[in-house]
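Participant: Below: one structure in structure tokens.
The values are calculated or read from the model by the stated rules, or taken from the named source; none is laboratory data. These figures come from a predicted structure and were not determined experimentally. Using ideal geometry, Cβ is built from the backbone for each residue, glycine included, and neighbour counts are taken over all protein chains shown. The accessibility values were calculated without ligands, DNA or RNA, using every heavy atom of the protein model including side chains. Shrake-Rupley method; radii C 1.70, N 1.55, O 1.52, S 1.80 Å.
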Amino acid sequence: MKHASELIKDFESEQYNELLTDIYVDEHLLAYQNGRYIAALQKFIKDFGDTEVSIFSAPGRSEVGGNHTDHQHGQVLAASINLDAIAIVAKTSDDKIQVISDGYDLITIDASDLSLVESEKETTTALIKGVAAGLKEHGHAVGGFKAYITSDVLIGAGLSSSAAFETIIGTILSGLYNNGSVSAIEIAIIGQYAENVYFGKPCGLMDQMASSVGNLVHIDFADPADPIVEKIDFDMAKSGYSLCITDTKGSHVDLTADYAAVPAEMCAVAEMLGKPVLNELSEQDIIDHMADIRTKLGDRYLLRALHYFEEVKRVEIQVASLTKGDMPAFLAAVKASGDSSFKYLQNVYTNKDIQAQNVSVALAVSDITLGSHGVSRVHGGGFAGTIQAFVENDTVETYRQAMDHVFGGGSCHVLKIRKYGGMQVL
């Protein structure tokens, strides 16, 4: 293990270029990543002193298929991307967890007292405590450390900056106190617990799973305590297409109720038919009881339930298409997923502010710009944030310019699928 100042010299001499290329999948990013790691190490020294350190990383994620299916124990297709959170970390001999996130004040937590505090909900403190408490409840050791964390995962843009944060805290504690033995799947489950119980957001498990496990993954949540995770062997670069994410700059403020209503309404349909989640029913069950669902719950409940069953089918089509290398079939399923999210799931804008439809505008510009050269869809939880597009490589620059023209320079990001989830870098 090296001191932070020694690692700065190593990055300055580009000693880790091969490692960084392996992690971030793009040689064009080497100068950026070397500079980013150096700046993080310098900030750690300023805040905590020049001590021996480890470096950890956890990526953001892109949801490829399965929009709002995970919380109903359905299936998703997701990918870790080459935007991530990195942490410079020093283990301590006490129970103090001290974390400084880029741009925020020092957070100090006593690892011997991880009790849930209602007033801490929706804070970074809650996420850290929740992950540590979850690890303890799962029988793992926790203890003190000092960490400086910086992230280039776009906050509020549907790329799961919070899941990357939860994953990196879990990966740090696994590495420092459990010899790295906590599995990626368990870290994901604990991250979801932290967000659900301590932070107070009723998210599913997809975000944490994609960030923690890494790569392009097909996840079946039929048994959420033991999800089936299948890595898909597919080289997006060789397919002739690029993955583009556009931040539409929509605000996520006051959208918690919109997000919470999606699983709540789906569950209400399932409970009306005697089951806790939709995965325990069939689509025919919904069709047979359409009139009752409309009368007792409402049309949006019904439409969201129908979206769920059709979306799971689309995930299976996407996985089969990628496995066979059938890009046209894959793209058709992506487009159908986006159409269903807009029409039936109804998570493209909030009806509390119908004049703010950033995502709708982005989809319209994408359709006009891409024509037959790509497809787009709402990304992630929806209502604001980002859209995702698979774009023919020769059209990427035209598409980027069109999106940046509408949403501002740097809004459109061309990403790579990263093969690693939460990891210890050095």
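Participant: Conditions: (1) in a helix (DSSP H, G or I); (2) open to solvent by less than 10 Å² (accessible area, probe 1.4 Å); (3) under 20 Å from Phe221 (Cβ atoms). Gly380 meets all but one. Number of the miss?
Facilitator: Result: Gly380 passes all but (1).
Participant: Among the residues of region 383-399, which ones are open to solvent by 10 Å² or more (accessible area, probe 1.4 Å) and of a type in the set (Ser, Thr, Tyr)?
Facilitator: Thr395, Thr398
Participant: Sticking with this one: With Thr69, Thr21 as the choices, which residue is at pLDDT below 95, over 18 Å from Ser212 (Cα atoms) and touching a Phe, Trp or Tyr at 6+ places or on another chain (Cβ under 7 Å)?
Facilitator: One residue alone meets the criteria, Thr69.
Participant: A further question follows. Would you kindly identify the strands (runs of 3 or more DSSP E) lying entirely within region 80-196 that contain at least 2 residues that are β-branched (Val, Ile, Thr) and out of contact with any Leu (no Cβ under 9 Å at 6 or more places or on another chain)?
Facilitator: Hits in region 80-196: 107-110, 145-151.
Participant: Tally the residues that are open to solvent by 10 Å² or more (accessible area, probe 1.4 Å) and assigned to a loop (DSSP other than H, G, I, E, B), restricting the search to region 205-231.
Facilitator: Total meeting the criteria: 6.
Participant: In addition: Among the residues of region 400-424, write down those that are open to solvent by 10 Å² or more (accessible area, probe 1.4 Å), touching a residue at least 24 places away in the same chain (Cβ under 8 Å) and either in a helix (DSSP H, G or I) or over 30 Å from Ala147 (Cα atoms) (or both).
Facilitator: Step one: of region 400-424, the residues open to solvent by 10 Å² or more (accessible area, probe 1.4 Å) are 400-402, 404-410, 413-417, 419-420, 422-424.
Then drop every residue that is not touching a residue at least 24 places away in the same chain (Cβ under 8 Å), which leaves 400, 402, 406-408, 413-417, 419-420, 422-424.
Hits for region 400-424 are Arg400, Ala402, Val406, Phe407, Gly408.
Participant: Scan region 344-359 for residues that are touching a helix residue (DSSP H, G or I) at 6+ places or on another chain (Cβ under 8 Å) and either open to solvent by 10 Å² or more (accessible area, probe 1.4 Å) or of a type in the set (A, V, I, L, M) (or both) and jot them down.
Facilitator: Matches in region 344-359: Tyr344, Leu345, Gln346, Val348, Tyr349, Thr350, Lys352, Asn358.
Participant: Can I ask one more? Name the pairs: first residue in region 356-379 and within 21 Å of Asn67 (Cα to Cα), second residue part of a helix (DSSP H, G or I) and polar (S, T, N, Q), Cβ to Cβ under 6 Å, at least 6 apart or on different chains?
Facilitator: Taking only residues 6 or more apart or on different chains, the pairs are Ser376/Ser366; Arg377/Ser337; Val378/Ser341.
Participant: Please go through region 270-306 and give me each residue that is among the β-branched types (Val, Ile, Thr), without any contact (Cβ under 8 Å) to a residue 60 or more places away in the chain and open to solvent by less than 60 Å² (accessible area, probe 1.4 Å), ordered by number.
Facilitator: Residues satisfying the conditions are Ile286, Ile293.
Participant: Here is a list: Asp22, Asp50. Which entry is part of a loop (DSSP other than H, G, I, E, B) and surrounded by fewer than 24 Cβ atoms within 10 Å (Cβ to Cβ)?
Facilitator: One residue alone meets the criteria, Asp50.
Participant: A further question on this structure: State whether one or more residues within region 146-158 are crowded, with 24+ Cβ neighbours inside 10 Å, under 23 Å from Val217 (Cα atoms) and either in contact with a strand residue (DSSP E or B) (Cβ under 9 Å, 6 or more places away or on another chain) or free of Cβ contacts under 8 Å to residues at least 60 places away in the same chain (or both).
Facilitator: Yes: region 146-158 contains one or more residues that are crowded, with 24+ Cβ neighbours inside 10 Å, under 23 Å from Val217 (Cα atoms) and either in contact with a strand residue (DSSP E or B) (Cβ under 9 Å, 6 or more places away or on another chain) or free of Cβ contacts under 8 Å to residues at least 60 places away in the same chain (or both).
Participant: Which pairs turn up if I take residues in region 307-324 that are free of Cβ contacts under 8 Å to residues at least 24 places away in the same chain and open to solvent by less than 20 Å² (accessible area, probe 1.4 Å) and look for partners that are part of a helix (DSSP H, G or I) and not hydrophobic (A, V, I, L, M, F, W, C) with beta carbon separation below 9 Å, at least 6 apart in sequence or on another chain?
Facilitator: Ser321/Pro328
Participant: Taking region 184-223 as the region of interest, how many residues are touching an Asp or Glu at 6+ places or on another chain (Cβ under 9 Å) and among the acidic types (Asp, Glu)?
Facilitator: 3
Participant: Do we have Val365 as part of a helix (DSSP H, G or I), under 22 Å from Ser80 (Cα atoms) and of a type in the set (Val, Ile, Thr) here?
Facilitator: When the stated conditions are applied, Val365 does not pass them.
Participant: Mind telling me which of the residues Val64, Val99, Val76 ends up being β-branched (Val, Ile, Thr), in contact with an Asp or Glu (Cβ under 9 Å, 6 or more places away or on another chain), open to solvent by less than 10 Å² (accessible area, probe 1.4 Å) and at pLDDT 90 or above?
Facilitator: Testing whether each residue is β-branched (Val, Ile, Thr), in contact with an Asp or Glu (Cβ under 9 Å, 6 or more places away or on another chain), open to solvent by less than 10 Å² (accessible area, probe 1.4 Å) and at pLDDT 90 or above leaves just Val76.
Participant: List the number of the failed condition for Phe383; all other conditions in (1) in contact with a Leu (Cβ under 6 Å, 6 or more places away or on another chain); (2) modelled with pLDDT of 95 or more; (3) not aliphatic (A, V, I, L, M) hold.
Facilitator: Result: Phe383 passes all but (2).
Participant: Asp247 passes all but one of (1) more than 21 Å from Met206 (Cβ to Cβ); (2) in contact (Cβ under 8 Å) with a residue 12 or more places away in the chain; (3) of a type outside the set (A, V, I, L, M); which number fails?
Facilitator: (1)
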